[in-house]
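J.: Structure provided below as structure tokens; questions to follow.
The values are calculated or read from the model by the stated rules, or taken from the named source; none is laboratory data. Predicted, not measured: the structure shown is a model, and the values here were computed from it. Here the Cβ is made from the backbone with ideal geometry for all residues, glycine too, and neighbour counts use every protein chain on show.
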Amino acid sequence: MGAKVNGKIVPLNSALKTGDVVEILTSTTTKGPSWDWLKFVKSGSAKAKIRQFFKKEMKEENAKTGRSMLEAEAKRRGYSLNDLLTEESFKKLSEKLFFANVDEMMASVGYGAVSVNQIIYKLIDFYKKEIPKAIDAAQIEKLNHTPAGSVSVKGMSGLLVRFAHCCNPVPGDKIVGFISRGRGVIVHRADCPNVKELEPDRLQAAEWTGQTERGFIAGIKIVSTDDYGITAFITSEIAQLQLTMTQINGRVTKDGKGYFEINVKLNKRSDLEVLINHLKKDKRIIDVFRTSN
């Protein structure tokens, strides 16, 4: 937990001189080493011991962190981690990277032993090669339910439709349908950056049928000053409009700004504009805009 040099407490990164007398201070109640120690320790064995601690003692936390990192990257690329990571795809992955189980893989990502891209690239590659070939329009038509019942593709309705989590389209947005391999039609906003990476021959014209808007989720990003109570203000505004917040991520940067990414379930399309306008009226809010991915 600390050290004394010649009887005085010094920072752990203090350099020693010949003849210094060092006393190491320990405690049974501290959490253990800090990641910052890796920046200044000199010997390879010291670095190895620190990494060994995090790998052993914080495996569960690392696994949660790794899963979150993989889910975020999969979403950014227009996929769902649950769709990519199957029993078969993990088996193929573990043959190359030698993971004993999924938790070990997640912990390795969270700990930094394996990069997010190493995992995601392989999972996407397997998904594209091994998932059954695209189902044609006739097959899709037989899959007789769309979650919102409000989208038609190429003039047809009653399709198996999913809405892309990367852009969360809502009624009123210009949309396009992507005929996936085995998962029906994935509806993206037309301006979603991930559409550019999709196979052009699988994209189909899509439109809203004008049915209910309730239950659609929209994402917004908020930039604010780092003032006390700003989070409470944001959640209060959402509650006053009787909207449901399904996800919130926030952070404060070194320049003193707060960044929030929020997903909100709408009652109607106009709720989104009303919420954005309400938030912008507060002087602590620097900017509010709809997220594009």
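J.: Test residue 86 against the stated conditions and say whether it is farther than 24 Å from residue 192 by Cβ, more than 17 Å from the chain's Cα centre (by Cα) and of a type in the set (Val, Ile, Thr).
T.: yes
J.: Next up: I'd like to know if the stretch 111-126 contains one or more residues that are more than 16 Å from residue 74 (Cα to Cα), crowded, with 18+ Cβ neighbours inside 10 Å and at pLDDT 85 or above.
T.: No, there is no match, as no residue in the stretch 111-126 is more than 16 Å from residue 74 (Cα to Cα), crowded, with 18+ Cβ neighbours inside 10 Å and at pLDDT 85 or above.
J.: So residue 166 clears everything in (1) modelled with pLDDT of 80 or more; (2) under 30 Å from residue 93 (Cα atoms) except one condition, right? Which one?
T.: Of the numbered conditions (1) modelled with pLDDT of 80 or more; (2) under 30 Å from residue 93 (Cα atoms), the odd one out for residue 166 is (1).
J.: It is to be established whether one or more residues within the stretch 264-277 are over 29 Å from residue 190 (Cβ atoms), outside any loop (DSSP other than H, G, I, E, B) and in contact (Cβ under 8 Å) with a residue 24 or more places away in the chain.
T.: no
Residue-wise test of (1) over 22 Å from the mean Cα position of the chain (by Cα); (2) loosely packed, with under 13 Cβ neighbours inside 10 Å.
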{"residue": "253", "(1), (2)": "no, yes"}
{"residue": "256", "(1), (2)": "yes, yes"}
{"residue": "259", "(1), (2)": "no, no"}
{"residue": "263", "(1), (2)": "no, no"}
{"residue": "271", "(1), (2)": "yes, no"}
{"residue": "277", "(1), (2)": "yes, yes"}
{"residue": "281", "(1), (2)": "yes, yes"}
{"residue": "284", "(1), (2)": "yes, no"}
{"residue": "288", "(1), (2)": "no, no"}
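J.: Go through the stretch 57-92 and give me each residue that's among the aliphatic types (A, V, I, L, M) and modelled with pLDDT of 85 or more.
T.: 63, 69, 70, 72, 74, 81, 84, 85
J.: So, in the stretch 82-104, of the ones that are hydrophobic (A, V, I, L, M, F, W, C) and part of a loop (DSSP other than H, G, I, E, B), which residue ends up surrounded by the most Cβ atoms within 10 Å (Cβ to Cβ)?
T.: Per the criteria, the residue is 85.
J.: On to the next question. May I ask you to say which residue of 49, 55, 4, 17 is more than 29 Å from residue 180 (Cβ to Cβ), in a strand (DSSP E or B) and basic (Lys, Arg)?
T.: 4
J.: For the stretch 196-204, indicate whether the set of residues that are at pLDDT 80 or above and in contact with an Asp or Glu (Cβ under 8 Å, 6 or more places away or on another chain) is non-empty.
T.: no
J.: Right, another one. Mind checking whether some residue in the stretch 28-36 is part of a helix (DSSP H, G or I) and within 29 Å of residue 106 (Cβ to Cβ)?
T.: Scanning the stretch 28-36 turns up at least one residue that is part of a helix (DSSP H, G or I) and within 29 Å of residue 106 (Cβ to Cβ).
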